[in-house]
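Novice: Here you go, one structure.
The values are calculated or read from the model by the stated rules, or taken from the named source; none is laboratory data. This one's a predicted model, so the numbers in the text were calculated from it and none came from an experiment. Backbone-built Cβ (ideal geometry, glycine too); neighbour counts: all protein chains shown. All accessible areas refer to the heavy atoms of the entire protein, side chains included, with ligands and DNA or RNA removed. Shrake-Rupley method; radii C 1.70, N 1.55, O 1.52, S 1.80 Å.
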Amino acid sequence: MFRKIKYSDQCLAKTLFKRFLLFVFLLVSVCFGFWYWNIFQAMMHGQFSWWDISPFGLSILMTIVFGWSFFWFYKHYAPTHNDLFSRYLKRIELRQMISLLVTSKGFFDTESADNNTYLTYYPKLKIKVKHNTGQLLIEEPIDGEKYMSQFASGDFDQSVETALLADRQTTEFMKNKMISTFAFEPIKFRRQLLALQPQKGRIQIAKGIDWKYDTFYNALISGNVGTGKSYTIFAILGQLLQLTKYVDIIDPKRSDLASLKYIDALKGRVHSTPTEINQAVIKYYQNMMARAEKMERIKATGKIGTYKDYHFEPCFLVFDEFGAYREMNDRLTFSDPAYEAYQTAMSNLNEIAMLGRELGFYLIIGMQRPSADSLPMAIRGQLNLRINMGVPTPEIEKMVFPDNDKQLRPLSSNLKGWGFIKVGDSQVRAFFAPEVPKEFNLHQWLIEQIEIRKR
């Protein structure tokens with residue numbers, strides 16, 4: 001259930017700590033009550049010794065020990081554990097932080113009278129913590145009051161992201177309120193590679209994040225070496241092969257994807273040399289145009305719809321190291337016979353990006369450092385799924401997430417495979433790519449995915 005945030009919550013942890021100390025002191029005093037009574041009787045008979053004050057010292061000492069233990073649990077144990085007591089302390093911390101943010105932002109009103117200050121308005125904020133999924137829900141007022149615009153514009157949400165190191169996932173507007181959902185433990189949204197279960201038209205990436213490729217067509221996956229870009233492509237590729245056999249793979253650097261040509265079921269669909277790549281792109285384009293002609297003949301009868309309505313299968317061109325492909329071919333001279341094939345392939349890629357959605361022909365482009373020189377505008381404008389593994393540089397952030405208004409921070413210093421994702425017009429979200437198990441064999445796993453499709 002949602003818990004209301006109060007003005008006094010900004011000192012909630014300190015208040016509870018003081019109450020805890022007072023409770024412990026009273027409890028210890030009650031436990032030593034019989035001892036105190038004997039001391040009192042001895043004093044009434046004129047029998048006094050300095051040892052008679054020892055229970056008072058013991059009460060104070062036990063209060064200090066319990067207080068220090070409580071403080072240690074609050075600072076060190078609760079943040080790294082998920083038991084009932086830890087969850088309670090985390091909720092205390094979150095309520096206090098939200099109240100402090102409201103106060104620091106000045107989203108409240110006071111009046112002074114008779115040398116006293118009174119609180120006249122405090123926003124109707126409520127929070128709900130989902131510990132199992134690592135999510136925080138904040139109900140914010142859109143009620144026509146003085147500070148409504150600051151909540152509605154997302155100003156307060158940005159402060160929450162910064163203060164809690166959280167990631168805003170969604171914002172839902174309702175009557176007189178809006179509910180923003182934050183992930184304060186993104187690792188809990190991570191999927192296991194071997195447990196991925198794609199569905200028709202839907203590829204799993206993380207819990208709560210799916211790629212509906214028919215709606216958000218074409219993808220860009222970027223990231224420097226060692227950030228997990230290749231493993232993210234593997235996770236998507238394996239699911240595609242489980243859904244359709246029409247998957248062409250290009251790897252101009254002849255790395256992990258190029259080795260897939262040795263899988264029998266993928267022979268003829270993996271390309272790594274410049275000549276093979278250009279021919280593969282041109283053939284992919286020709287197949288798309290052939291489908292366009294078939295669909296045009298079907299529509300001539302009065303039927304309307306997309307490729308799915310006519311029972312065509314989706315086709316995917318997975319083009320890794322696209323930047324390297326551009327660099328290798330841009331060095332060609334005009335007199336080189338391969339230059340004309342390269343220019344034709346690039347022109348075809350532009351048309352595939354623009355026309356492929358309705359026809360069921362999609363592009364998945366992987367590259368380390370996307371830029372205006374390496375990624376043409378005709379393609380860049382049609383990339384509706386954008387992923388960057390690791391924290392992007394300011395230049396890459398402008399290229400991959402041009403409308404982003406949030407600060408992108410590292411998710412982990414120990415774990416790999418994290419990054420940021422934007423699907424369609426949604427907000428940029430932090431995520432962990434599917435976890436690859438130890439002793440993982442790429443070829444064997446892809447063969448298993450192909451067998452699942454055949455069954």
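Novice: If residue 166 passes every condition in (1) open to solvent by 20 Å² or more (accessible area, probe 1.4 Å); (2) within 23 Å of residue 423 (Cα to Cα) but one, which one does it miss?
Specialist: (1)
Novice: I'm trying to understand the selection: among the residues of region 4-37, which are under 14 Å from residue 89 (Cα atoms) and not basic (Lys, Arg)?
Specialist: Residues satisfying the conditions are 9, 11, 12, 13, 15, 16, 17, 20.
Novice: List the pairs whose first member sits in region 285-303 and is touching a residue at least 60 places away in the same chain (Cβ under 8 Å) and under 24 Å from residue 343 (Cα atoms), whose second member is surrounded by 12 or more Cβ atoms within 10 Å (Cβ to Cβ) and among the acidic types (Asp, Glu), and whose Cβ atoms are under 9 Å apart, counting only residues at least 6 apart or on separate chains?
Specialist: Within 9 Å, the pairs are 285/351; 288/351; 292/358.
Novice: Can you find, within region 312-334, the residue that is surrounded by the fewest Cβ atoms within 10 Å (Cβ to Cβ) among those that are modelled with pLDDT of 90 or more and in a loop (DSSP other than H, G, I, E, B)?
Specialist: Taking the candidates together, the pick is 313.
Novice: Scan region 161-177 and tell me whether some residue there is in a helix (DSSP H, G or I) and either under 16 Å from residue 428 (Cα atoms) or free of Cβ contacts under 8 Å to residues at least 40 places away in the same chain (or both).
Specialist: The answer is yes; a qualifying residue exists.
Novice: For region 397-422, name all the residues that are in contact (Cβ under 8 Å) with a residue 40 or more places away in the chain and under 11 Å from the mean Cα position of the chain (by Cα).
Specialist: 411, 418, 419, 421
Novice: Now for a separate question. Condition check: in contact with a Leu (Cβ under 6 Å, 6 or more places away or on another chain) and either surrounded by fewer than 20 Cβ atoms within 10 Å (Cβ to Cβ) or farther than 18 Å from residue 104 by Cβ (or both). Does residue 184 satisfy that?
Specialist: yes
Novice: In addition: Residue 148 - would you say it is open to solvent by 50 Å² or more (accessible area, probe 1.4 Å), of a type in the set (A, V, I, L, M), within 25 Å of the chain's Cα centre (by Cα) and farther than 28 Å from residue 434 by Cβ?
Specialist: no
Novice: Residue by residue through region 55-103, note down the ones that are in a helix (DSSP H, G or I), of a type in the set (S, T, N, Q) and surrounded by 13 or more Cβ atoms within 10 Å (Cβ to Cβ).
Specialist: Passing the criteria: 59, 63, 86, 96, 99, 103.
Novice: Give me the residue from region 231-270 that is of a type in the set (D, E, K, R) and either open to solvent by 40 Å² or more (accessible area, probe 1.4 Å) or assigned to a helix (DSSP H, G or I) (or both) and, out of that set, farthest from residue 443 (Cα to Cα).
Specialist: By that ranking, first place goes to 253.
Residue-by-condition table, conditions (1) surrounded by 11 or more Cβ atoms within 10 Å (Cβ to Cβ); (2) part of a helix (DSSP H, G or I); (3) touching a Cys at 6+ places or on another chain (Cβ under 8 Å):
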{"site": "405", "(1), (2), (3)": "no, no, no"}
{"site": "408", "(1), (2), (3)": "yes, no, no"}
{"site": "411", "(1), (2), (3)": "yes, no, no"}
{"site": "414", "(1), (2), (3)": "no, no, no"}
{"site": "420", "(1), (2), (3)": "yes, no, no"}
{"site": "425", "(1), (2), (3)": "no, no, no"}
{"site": "438", "(1), (2), (3)": "no, no, no"}
{"site": "443", "(1), (2), (3)": "yes, yes, no"}
{"site": "452", "(1), (2), (3)": "yes, yes, no"}
